[in-house]
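**Q** Handing you a structure now.
The values are calculated or read from the model by the stated rules, or taken from the named source; none is laboratory data. These numbers were taken from a predicted model, which means no experiment stands behind them. Virtual Cβ from ideal backbone geometry, glycine too; neighbours counted across all protein chains shown.
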Amino acid sequence: MPETLQSGLLIEIDDFRSDFRLDSIDGSGFATVILDTGIDLNHPFFGPDADGDGISDRIVYSYDFADNDADASDVDGHGSNVSSIVASSDGTYTGMAPVADVIHLKVFTDSGSGNFGMIEDALQWVVANAAGYKIASVNMSLSDSGNYSTPVSGYGTGDELAALANLDIITVSASGNAFHSFGSAQGVAYPSTDPFSFSIGAVYEGTYGTFNYL
């Protein structure tokens, strides 16, 4: 993940982690939720599998809302990559919350299709289980490929995002990968346009990033 290393340098993440006033901010005692294509369930970036169940011990829950089953395995790679950016405990490729519990909710089929109904179901699960898992944040590196310049709440997910905010849970969403398609028109995609979601863009030493995440 060389892009992650570059991003870390640009946002000065090492300085953040070395600040004694902030050294306890590592996700300890909380869970982070990722909605994506699934996760490599026994990847060492998410800790050992001490109990031998085939799932890294820091992954405390996973579910496939696309196929409505318990297998959230990732055949695409995007979800595993995003999850590691959020929560990898690897010494070189360290995530933002390297000791947080990880919850992965798969909202895409293995062929890559998905819809906001699946996302809404996953968000409803988060609202219902927030207290039990001590959920602190939700990450959605996905979008509708739109380009909106004003706040937009749509696709039936606005109520869930508002409920998460009311529970003091931070939701962050990708600004989108389609900006180049809109010329000079300023805007971001949904759900990052929702009033209760932070819109997060990539950090690169260049005008445009790449689509390669492997």
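**Q** Go through (1) surrounded by fewer than 19 Cβ atoms within 10 Å (Cβ to Cβ); (2) under 20 Å from LEU142 (Cα atoms) one by one and return the number of the condition HIS43 breaks.
**A** (2)
**Q** Could we say that ASP110 is modelled with pLDDT of 95 or more and more than 18 Å from VAL82 (Cα to Cα) here?
**A** No: the conditions fail for ASP110.
Conditions (1) touching a helix residue (DSSP H, G or I) at 6+ places or on another chain (Cβ under 9 Å); (2) hydroxyl-bearing (Ser, Thr, Tyr), marked per residue:
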| residue | (1), (2) |
| --- | --- |
| ILE85 | yes, no |
| MET96 | yes, no |
| MET118 | no, no |
| VAL138 | yes, no |
| TYR148 | no, yes |
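**Q** Continuing with this model, one more query. Listed residues SER181, SER192, SER197, SER173; which is surrounded by fewer than 13 Cβ atoms within 10 Å (Cβ to Cβ) and out of contact with any Phe, Trp or Tyr (no Cβ under 6 Å at 6 or more places or on another chain)?
**A** None of the others qualify; the one that does is SER181.
**Q** Within the stretch 18-29, is even one residue among the β-branched types (Val, Ile, Thr), closer than 28 Å to LEU167 by Cα and outside any strand (DSSP E or B)?
**A** Checking the stretch 18-29: at least one residue is among the β-branched types (Val, Ile, Thr), closer than 28 Å to LEU167 by Cα and outside any strand (DSSP E or B).
**Q** Need the failing condition index for THR150 against (1) in contact with a strand residue (DSSP E or B) (Cβ under 9 Å, 6 or more places away or on another chain); (2) touching a residue at least 40 places away in the same chain (Cβ under 8 Å), just the number.
**A** The single condition THR150 does not satisfy is (1).
**Q** Identify the single condition in (1) free of Cβ contacts under 8 Å to residues at least 12 places away in the same chain; (2) surrounded by 15 or more Cβ atoms within 10 Å (Cβ to Cβ); (3) not in a loop (DSSP other than H, G, I, E, B) that ASP49 does not satisfy, given that it satisfies every other one.
**A** The one condition ASP49 does not meet is (3).
**Q** Oh, and also: If GLY132 passes every condition in (1) more than 23 Å from GLY47 (Cα to Cα); (2) part of a helix (DSSP H, G or I) but one, which one does it miss?
**A** Among (1) more than 23 Å from GLY47 (Cα to Cα); (2) part of a helix (DSSP H, G or I), the lone unmet condition for GLY132 is (1).
**Q** Sticking with this structure for a sec: List, please: which pairs have Cβ atoms under 8 Å, are six or more places apart or on different chains, and start with a residue in the stretch 153-165 that is in a loop (DSSP other than H, G, I, E, B) and end with one that is of a type in the set (S, T, N, Q)?
**A** SER153/THR193
**Q** Take the residues of the stretch 125-156 that are β-branched (Val, Ile, Thr) and farther than 13 Å from PHE30 by Cα: which is surrounded by the fewest Cβ atoms within 10 Å (Cβ to Cβ)?
**A** THR150
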